[in-house]
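**Q** This is the structure, below, for whatever I ask next.
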Amino acid sequence: MNSTTNYQQLMNNLEYLKLKQMATHLGEVIDFSMKNQLSFIDTLLKLTNYEIDVREQNVIQSMVKIAAFPHLKEIKDFDFDFQPSINQQQILDFLSLRFIEEKENIVFLGPSGVGKTHLATAIGITAAKKRTSTYFIKCHDLIQNLRKARLENRLESRLKQYNKYKLLIIDEIGYLPIDKEDAKLFFQLIDLRYEKKSTIFTTNSNFKDWDQIFQDTKIANAILDRILHHASVVTIVGESYRLKDHMKKENE
Ligand code: ADP
Ligand code: MG
């Protein structure tokens, strides 16, 4: 049997085993290996790394896709100079994902346009890229989905679904009022995740106003208690980034 046949057989084997990248790069790795006199182990390692790298990339891409971010803004796109009230070291610590290991929450609190959603998304993207199951949802959509699930008698499985993410990002608490029944549903989710999973919240409302959002002081307190027990609160007190160009023009 000549070597072309064996080479072809090896190609067929790789394709049969669905090792597409290894098949694609086989010729090139053989050339490299001969030229550099690589050992069998180093050659095989190089070849298998091609397969692993592409699969890792695919997993990362699908984790980011599943997370349903509103946009793919990352930390490199964030101008810390524009928002001096933010402690950059604290944000870098969040990006280490230590808070997820420690099952802590993060609350970004501040007026519209200061970068709350951007920062929450940037942390979420970092988590998803590290293969941490992550999901982004607006508070209003979350509550609507829970309400719908309850009406359809499948609240439990919906809660389970939202509870399974190692990192859940709930955006825009307080933009719309939440009635008492819905507040109870929201509480159930917060209670399930309490001390077990990390959640990032963004809000434009001070905590003292949360009883107005949830229209019930008791429920609001119960929710706040659990969110804040193990949480870092990042209060942003700057200008809106959306308005910065307008303001520049006004000052000129
Ligand atoms: P918020 O959620 O606080 O209302 P966003 O995070 O949605 O604000 O920010 C509004 C817009 O401005 C987004 O497009 C965001 O990417 C951008 N942005 C906000 N702050 C910054 C910043 N410091 N550097 C760069 N872009 C920013
Ligand atoms: Mg926002």
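Laboratory data are not the source of any read-out in this text; all were calculated from the coordinates shown. What you see is a predicted model, and the numbers here were worked out from it, not measured in a lab. Heads up, the Cβs are rebuilt from the backbone with ideal geometry, glycines too, and the neighbour counts pull from every protein chain shown.
**Q** How large is the dipole of the chain about the Cα centre if only Lys and Arg carry +1 and Asp and Glu carry -1, each at its Cβ, rounded to the nearest 20 debye?
**A** 720 debye
**Q** Once phi is turned into θ = phi - 60°, what whole-Hz ³J(HN,Hα) does the Karplus curve with 6.51, -1.76 and 1.60 give for every residue of segment 150-158, x standing for Gly and Pro?
**A** So the J values, rounded to whole Hz, are 5, 4, 9, 6, 9, 4, 4, 6, 5.
**Q** Can you tell me the 0 to 90 degree angle between the C-alpha axis of helix 217-229 and the longest principal axis of the chain, rounded to 10?
**A** 40 degrees
**Q** Contact order normalised by length for the chain, with contacts defined as Cα pairs under 8 Å and 6 or more residues apart; what percent is it?
**A** Once normalised by length, the contact order is 23 percent.
**Q** So if I take the alpha carbon set of the chain, get Rg, then get Rh from the Kirkwood formula, what is the Rg over Rh ratio?
**A** With Rh from the inverse mean 1/r over Cα pairs, Rg/Rh is 1.15.
**Q** Relative contact order of segment 42-148: what whole-number percent is it, with Cα pairs under 8 angstrom and at least 6 residues apart?
**A** 44 percent
**Q** Quick one: among I125, I137, I30, which has the greatest mean-square fluctuation in a GNM of the chain with alpha-carbon springs under 10 angstrom?
**A** I30
**Q** Using the basic label-point model (7 angstrom from Cα toward the beta carbon), what is the D77 to L45 distance in nanometres?
**A** So the label points at D77 and L45 sit 3.8 nm apart.
**Q** Just need log10 I(q)/I(0) for segment 3-66 at q = 0.22 Å⁻¹, Debye formula, equal scatterers on the alpha-carbon atoms, no solvent, rounded to two decimals.
**A** -0.92
**Q** Treating each Cα of segment 53-191 as an identical point scatterer and ignoring solvent, apply the Debye formula and state log10 I(q)/I(0) at q = 0.13, 0.21 Å⁻¹.
**A** For segment 53-191 at q = 0.13, 0.21 Å⁻¹, log10 I(q)/I(0) is -0.62, -1.36.
**Q** Continuing with this model, one more query. Please give the contour-minus-distance gain from E104 to Q212: 0.36 nm per residue of separation, less the Cα-Cα distance, rounded to one decimal in nm.
**A** That pair, E104 and Q212, stretches by 36.4 nm at full extension.
**Q** Past the 20 angstrom mark, what percentage of all C-alpha to C-alpha distances in segment 4-110 do you count?
**A** Summing the P(r) tail past 20 Å for segment 4-110 gives 62 percent.
**Q** A further question follows. Where does the Debye-calculated log10 I(q)/I(0) of segment 146-197 sit at q = 0.24, 0.25 Å⁻¹, using only Cα point scatterers of equal weight, no solvent?
**A** One equal scatterer on each Cα of segment 146-197 leads to -1.05, -1.11.
**Q** OK, next. List every residue whose amide H lies under 5 Å from the amide H of Q215, counting only residues 5 or more places away in sequence or on a different chain, with H placed 1.01 Å from N in the peptide plane.
**A** I178
**Q** Please list the non-local residues whose amide H lies under 5 Å from the amide H of F108, H modeled 1.01 Å from N, same-chain partners needing a gap of 5 or more.
**A** Excluding prolines and chain starts, which carry no amide H, the hits are F201, T202, T203, V234.
**Q** Once you've got the GNM for the chain with C-alpha springs shorter than 10 Å, pick whichever of K208, K76, K166 has the biggest mean-square fluctuation.
**A** Comparing K208, K76, K166 in the GNM, the peak value goes to K76.
**Q** For segment 1-68 and segment 119-168, compute the distance between their C-alpha centroids and round to whole Å.
**A** 36 Å
**Q** Which ³J(HN,Hα) values in Hz, rounded to whole numbers, follow from the phi angles of segment 103-109 under the Karplus curve 6.51 cos²θ - 1.76 cosθ + 1.60, where θ = phi - 60° and Gly and Pro get x?
**A** Residue by residue, segment 103-109 yields 6, 9, 9, 10, 10, 9, 10 Hz.
**Q** Here's something else I'd like to know. For A231, enumerate residues with amide H under 5 Å from its amide H, sequence gap 5+ or separate chain, H modeled in the peptide plane.
**A** Under 5 Å from the amide H of A231: N105.
**Q** Using a Gaussian network model of the chain with C-alpha springs under 10 Å, which one of E181, E74, E15 is most mobile by mean-square fluctuation?
**A** Result for the chain, Cα springs under 10 Å: E15 fluctuates most.
**Q** Which pairs break 32 Å Cα to Cα here: K73/K160; K18/K129; K46/K130; K46/K160?
**A** K46/K160
**Q** Residue separation times 0.36 nm, minus the C-alpha to C-alpha distance between L10 and S232: what's the value?
**A** Stretched fully, the L10-S232 segment lengthens by 74.4 nm.
**Q** Measure nothing fancy, just the Cα-based angle from helix 20-35's long axis to the longest principal axis of the chain, in degrees from 0 to 90, nearest 10.
**A** Tilt relative to the chain: about 50 degrees.
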